[in-house]
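Asker: After the structure tokens below, expect a handful of questions from me.
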Amino acid sequence: MCGIIGAVAQRNITKILLEGLLRLEYRGYDSAGLAVVDKFGNFNRFRCLGKVQKLIEATQNKNLIGFIGLAHTRWATHGIPSEVNAHPHISEYIIVVHNGMIENHEQLRKELISCGYFFSSETDTEVIAHLLHLKQKQHGGSLLEIVLQTIPQINGSFGIVVMDRRNPTILVAVRIGNPLVIGCGVGENFVASDQLALLSIANSFIHLEEGDVAEISCDKINIFNVMGNIVNRNEIKSHIHYDITSKGNYNHYMQKEIYEQPTAIENTLRGRCKNKEIDLEELGVNIKFLKKIRHIQIIACGTSYNSGLVSRYWFESLANIPCDVEIASEFRYRKFQVRKNSLLVALSQSGETADTLAALRLSKKFNFIGSLAICNVLHSSIVRESDLYLTTKSGIEIGVASTKTFSTQLTVLLMLVIKLGSLNGMNLEVQHNIIKAIQTLPYRIEQVLAKDKMIEEIAKDFFNKNHALFIGRGDHYPIAMEGALKLKEISYIHAEAYAAGELKHGPLALIDDKMPVIVIAPNNELLRKLKCNIEEIRTRGGLLYIFTDQNTDFKDTYNMKIIQLPYVENITAPIFYTIPLQLLSYYVAIIKCRNIDQPRNLAKSVTVE
Ligand code: M6R
């Protein structure tokens, strides 16, 4: 959370910082700021409450010149969103931007106050600025030296970038718990929380590793560990194009990303389905290792957790492998038992989710057979810290609501199920049928996307609603959960999901003609059971929206709307049924005039606990 960008160059970098910030806004958007210093040490700082656009407006016509600078878009952790709490924070000549949390900030604050420091903000970040300043005053030394001396005093997770306005040629960046990437230019260098911010100005990147401290000038990048010893890091060329982050003809990133799902799934499948078999050679392990796996332990948060829940049905029913799925923030703080030959699977779009990363790190202390990341970001922490990884090839996802990364996560999970199933004696014909179903999925999704007008129409019914209930059975219960999460996240309508069989154990009390109940009703072996649950709602005057197959015999009535969807194979139905629910949330949020891509209080990459 929070987006950082820094630059040191021989040209004015103000615009680069502001444009970079716009691309980092998905990481936090409650306030923004920048500080630039020109060649002569003249310094300017601007901060404002609200989005980066406000900062852009505030700095317009100010003729800001900076050859070195830092900028930040904030997701508040310590201190309310406000101008004074916005970064960069300053201690006389030391300027700091920070992503993460300082756990011992209260103690440090007290100590600094007793040394005569005055705090102008409520943030933990200001502590870093003053600490560096104090170190400098007490012992002197270069910016790098004082940073290295200060790090051991700070507990917590932090990606920080620091500059000293008296020496406007050097930036120092530290990665402890929060990602930072250096963009390498010619006679200029940059640093940011995500390479996305730097795509228009660099195509070669160094991903800092945990504990790295980088000293960055126009023509040199030196990287050290926290002990101050030099370390080598590879420079990697990026093939990501600047353009792919634009909205194209769509109104919102979320809309674009929903529509990209057929292609994202095709890309995710490419090279992995060969001769009617799943080929996961990229894992680089031998069959013997895969054959040993006797249990899967999935850890994840949010939407990624929901995809893990779907896969549990698949692992157990198709691959005969017991599977447990747990929210990472719960897993990491309880005493768990590791099953024999258990593979830990970390699911994450961003690969930076703090709780998932911490749970992955914790798992290394236990006797899991290994760890596997399923992730959309190749150079992310979760990928780098897992023994094995499989990437979802969705392309960058910018909308805060996960859409295409959910469907591609499920695609990868299903491939893994087939692979492990095949080693566990899964019938060849069953394997082929599933593979055929996955390969047909992009086409099926195209067909469901073509129903978007119908879903837009239904969304109008939700304009005045404050609550909604989503129900499903079997592997569609997690899809109901995902539908509810999406609706609450972007429309702010309170939504809950229930396993349909649970209704009579409590939630039926909520049913009246004002409570919309969204039913995920694919044409599968549980449909008869689900119909009984639908009747329970109907006879109590409930308002039903049934997402179902064109071949089921539901009839539209005044309090029961049927959303007939094209045929889909049962195995891939959970992925397929997610799409209309994404569209429903999207259109409801439009009607309610919500900020679709940046819903309130949220951020795309949750790098704090
Ligand atoms: O990057 P991750 O998949 O680890 O993120 C986990 C959640 O924060 C994320 O899925 C969140 O729930 C989404 N915004 C939901 O749309």
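The values are calculated or read from the model by the stated rules, or taken from the named source; none is laboratory data. Because the structure is predicted, anything quoted here is derived from the model rather than measured. In this analysis, Cβ positions are derived from the backbone assuming ideal geometry, glycine residues included, and neighbour counts consider all displayed protein chains.
Asker: Hey, among the residues in the range 455-472 that are under 19 Å from I511 (Cα atoms) and of a type in the set (D, E, K, R), which one's surrounded by the most Cβ atoms within 10 Å (Cβ to Cβ)? It would help to see each step written out before you state the result.
Answerer: Start the filter on the range 455-472 by keeping residues that are under 19 Å from I511 (Cα atoms), which leaves 461-472.
Subsequent filtering for residues that are of a type in the set (D, E, K, R) retains 461, 465.
Working: D461: 14, K465: 18.
Looking at residues that are under 19 Å from I511 (Cα atoms) and of a type in the set (D, E, K, R), I get K465.
Asker: Which one is farthest from Q255 (Cα to Cα), of the residues in the range 354-398 that are of a type in the set (S, T, N, Q), near the ligand (Cβ under 9 Å from one of its atoms) and modelled with pLDDT of 95 or more?
Answerer: Step one: list which residues in the range 354-398 are of a type in the set (S, T, N, Q), which gives 356, 363, 367, 371, 376, 380-381, 386, 391-392, 394.
Narrowing the set further to residues that are near the ligand (Cβ under 9 Å from one of its atoms) leaves 356, 376, 380.
Remaining after also requiring modelled with pLDDT of 95 or more: 356, 376.
Numbers: T356: 27, N376: 19 Å.
Only one residue fits best here, namely T356.
Asker: Among (1) touching a residue at least 60 places away in the same chain (Cβ under 8 Å); (2) away from the ligand (no atom under 16 Å from the Cβ); (3) surrounded by fewer than 19 Cβ atoms within 10 Å (Cβ to Cβ); (4) within 26 Å of I396 (Cβ to Cβ), where does S329 come up short?
Answerer: (2)
Asker: Continuing with this model, one more query. Name every residue in the range 529-584 that is of a type in the set (D, E) and either farther than 22 Å from I434 by Cα or part of a helix (DSSP H, G or I) (or both), in order of residue number.
Answerer: Those that are of a type in the set (D, E) and either farther than 22 Å from I434 by Cα or part of a helix (DSSP H, G or I) (or both): E535, E536, D553, D556.
Asker: If you don't mind, another one. Criterion first (over 19 Å from the mean Cα position of the chain (by Cα), farther than 19 Å from K247 by Cβ and free of Cβ contacts under 8 Å to residues at least 60 places away in the same chain) does N601 satisfy it?
Answerer: no
Asker: Against the conditions (1) touching a residue at least 60 places away in the same chain (Cβ under 8 Å); (2) under 28 Å from S380 (Cβ atoms); (3) not in a helix (DSSP H, G or I), where does T123 fall short? Just the number, please.
Answerer: (1)
Asker: Can you name the residue in the range 57-94 that is in a strand (DSSP E or B) and touching a Leu at 6+ places or on another chain (Cβ under 6 Å) and, of all such residues, is surrounded by the fewest Cβ atoms within 10 Å (Cβ to Cβ)?
Answerer: I94
Asker: Please give the number of the condition L343 fails out of (1) farther than 30 Å from S238 by Cβ; (2) touching a residue at least 60 places away in the same chain (Cβ under 8 Å); (3) not in a loop (DSSP other than H, G, I, E, B).
Answerer: The one condition L343 does not meet is (2).
Asker: Could you say which residue among L134, L144 is buried (at least 17 other Cβ atoms within 10 Å of the Cβ), within 33 Å of the chain's Cα centre (by Cα) and not in a strand (DSSP E or B)?
Answerer: Being buried (at least 17 other Cβ atoms within 10 Å of the Cβ), within 33 Å of the chain's Cα centre (by Cα) and not in a strand (DSSP E or B) holds for just one of L134, L144, which is L144.
Asker: Scan (1) basic (K, R); (2) surrounded by fewer than 16 Cβ atoms within 10 Å (Cβ to Cβ); (3) in contact with a Ser or Thr (Cβ under 6 Å, 6 or more places away or on another chain) for the single condition K592 breaks and write down its number.
Answerer: (2)
Asker: May I ask you to verify whether S317 is buried (at least 17 other Cβ atoms within 10 Å of the Cβ) and not hydrophobic (A, V, I, L, M, F, W, C)? Let's see the steps before the verdict.
Answerer: Values: buried (at least 17 other Cβ atoms within 10 Å of the Cβ): no; not hydrophobic (A, V, I, L, M, F, W, C): yes.
No, not satisfied.
Asker: Out of the range 400-411, which residues are within 13 Å of the ligand (Cβ to nearest atom) and either among the β-branched types (V, I, T) or surrounded by fewer than 24 Cβ atoms within 10 Å (Cβ to Cβ) (or both)?
Answerer: V400, T403, T405, T408
Asker: Looking only at the range 6-50, which residues are under 17 Å from K604 (Cα atoms) and assigned to a strand (DSSP E or B)?
Answerer: S31, A32
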